[in-house]
Amino acid sequence: MTKSGRNDDIEASSPQIRVVIADDHPVAREGLSAILGSLDDVEIVGEAADGEEACQLYHQHSPDVLMVDLRMPKKDGLRVIEELMSGGPPKPRIIVITTYEDEEDIRRAVKAGARGYLVKVADCEQIEEAVRAVAAGRSVFPTTSP
């Protein structure tokens, strides 16, 4: 039991956002896991080091949000998105998180079905907001200059 029954009530009324993180760089995975795992309303249910493992963990855990890097071994992030989006409902809610902010990469991710796109220089607040927005069915993409 916590010091305040009020926190228990808040946690009980807020559904957990279940997240799988897929990135081939352990430091990036661990950093995202630490940022999101510290939130009361987020639960990290799996971490994948490559695209094949990302697909397996998605099917195993049916997370609310899948965060996936674009460049990974075995299957890149776009193949992961395309494969998961081709399955039956419910459609996955996917956020691409990558070091690349190229407009063509963003366009391909959107076309494949990603609901969000973050660069790895995003701060903790941007990452938290993106996960909550995509879990709620909204989209989050960088604004590009004309």
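Nothing in this text is a laboratory measurement; each read-out follows from the coordinates by a stated rule. In this text the structure is predicted, and so the values were computed from the model without any measurement. Backbone-built Cβ (ideal geometry, glycine too); neighbour counts: all protein chains shown.
Hey, which aspartates and glutamates would be in cross-link range of residue 75, C-alpha to C-alpha under 14 Å, not counting anything within fewer than 8 residues on its own chain?
23, 24, 50, 52, 53, 83
By how many nm would the segment from residue 27 to residue 71 lengthen if fully extended, with 0.36 nm per residue of separation less the alpha-carbon distance?
Contour length minus Cα-Cα distance gives 14.3 nm.
Mind grabbing the base-10 log of I(q)/I(0) for the stretch 5-135 at q = 0.19, 0.21 Å⁻¹? Debye formula, identical points on the C-alpha positions, no solvent, two decimal places.
The Debye formula, applied to the Cα set alone, gives -1.02, -1.24.
Rounded to the nearest 500 deg cm²/dmol, what is the calculated helix-only ellipticity per residue at 222 nm for the chain, with -39500 (n - 2.57) per DSSP H run of length n ≥ 4?
-13000 deg cm²/dmol
How far apart, in nm, are two points set 7 Å out from the Cα along the Cα-to-Cβ line at residue 111 and at residue 43?
It works out to 3.8 nm between the two label points.
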